[in-house]
Amino acid sequence: MNISREIKTGIIGIGGILLFLLGYSYLKSSPLFENNKTLYVVYHHVGGLQPGTAVSINGFTVGKVNDVGFLDASGDLLVTFSVDDSFSFSKNSTAELYDTGIIGGKGIQILPAFDQGPIAQAGDTLIASVKPGVTELLQQQLSPLQNKVEDVIKNADSLLVNINTILDGRTKKDLKQSIESLNILIANTQKTTEVLSNIVVLNRGAIEGSIQNLDSFTENLALVTDSISKMGLTNTFANLAQTAEQLNAILAGIENGEGSLGKLTKDTEMYDYLTQTSKELSLLLQDVRLNPKRYINVSVFGKKQKEYRLPTNDPANKTVDPENQSNINAPKN
């Protein structure tokens, strides 16, 4: 069978067209012979999403990104992707943009909604959402820390400025002298420590003897304490306590007016009587001193006793009761 040249040319042309369509569909990641549906989602920023990126549901790849382009003059990006039509989900499902790895890369995962809403059909636009990546989370966590570090740096800078202001030439000189004095003090302390160490080494025997004497003194003190306890000081203290109680009872009786001493301290008549008696006794002794001849009369020749006159400069004139002076100096009948 002979095939004409025209037929061969037509077959080759049709084959080339089919190959071109297959290659273009492969490059656009939209197979011609698969049962897929095309959906759309709008993002403000896609983070480097490329056509051909896998689209997954619950981690299972169900499609690919077909195209990424601007939606309008607002700068929003329209992402076109296709998914396998064998799995149905609601039109209200969410197409979430997420990081596929730590070092970069973006992917789309569909979060299907089973809200009894209309099933997503080819040409529908899903709800867009963006899941923060590791870098964004780190930035969110590090932003407060960065602010704190900046505040610390500012405070440290202010502190250094204040320190430079305080540490003028005179202050630096004084600080240097203080450090030198401190070094001298440390050196002297070391020398003193060495001297004390030498003294301890040289007098080690005497120190040990003193410690032994102290131990002996402690033992002797313990023996003395035991001896004192065996001497019956407990009974002595008990007797002293009993005596103190009895003395307290006697004092309480005196305070209440019991007994002779109690009556003497509490009876006002007894006090007044003793006071009056003391006054009268004082007057009597004074009269005996002033007029001894009134009480002692010695006459050898039977002469009449002369009346005794008190000298004007006698100190008794100042102490004699004026009411009783006439009676004291009166002539004796």
### Message
Given the condition within 30 Å of G262 (Cα to Cα), at pLDDT 85 or above and of a type in the set (S, T, N, Q), answer yes or no: does some residue in the range 228-245 qualify?
### Response
yes
### Task
Scan G133, G105, G117, G123 and give me the residue that is in contact with a strand residue (DSSP E or B) (Cβ under 8 Å, 6 or more places away or on another chain), closer than 30 Å to V55 by Cα and surrounded by fewer than 10 Cβ atoms within 10 Å (Cβ to Cβ).
G123
### Message
So G257 ticks every box in (1) assigned to a helix (DSSP H, G or I); (2) within 30 Å of M270 (Cα to Cα) but one. Which box is left unticked?
### Response
(1)
### Task
Confirm whether S197 is modelled with pLDDT of 85 or more, farther than 30 Å from Y98 by Cβ and in a helix (DSSP H, G or I).
yes
### Query
Just one of the numbered conditions (1) outside any loop (DSSP other than H, G, I, E, B); (2) among the hydrophobic types (A, V, I, L, M, F, W, C); (3) modelled with pLDDT under 90; (4) surrounded by 15 or more Cβ atoms within 10 Å (Cβ to Cβ) is not true of I17; which one?
(4)
### Task
Restricting attention to the range 62-76, report how many residues are in a strand (DSSP E or B) and either out of contact with any Asp or Glu (no Cβ under 9 Å at 6 or more places or on another chain) or buried (at least 16 other Cβ atoms within 10 Å of the Cβ) (or both).
8
### Single residue of the range 77-119 satisfying the filter (part of a loop (DSSP other than H, G, I, E, B) and among the acidic types (D, E)) that is farthest from K131 (Cα to Cα)
D85
### Query
Taking the stated definitions as given, is G262 of a type outside the set (A, V, I, L, M, F, W, C), free of Cβ contacts under 8 Å to residues at least 12 places away in the same chain and surrounded by 10 or more Cβ atoms within 10 Å (Cβ to Cβ)?
yes
### Message
Yes or no: the range 68-75 includes at least one residue that is closer than 30 Å to L18 by Cβ and not assigned by TED's automatic domain parsing to the domain that holds F20.
### Response
yes
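The values are calculated or read from the model by the stated rules, or taken from the named source; none is laboratory data. Quick caveat: nothing in here was measured; it's all calculated off a predicted structure. In this analysis, Cβ positions are derived from the backbone assuming ideal geometry, glycine residues included, and neighbour counts consider all displayed protein chains.
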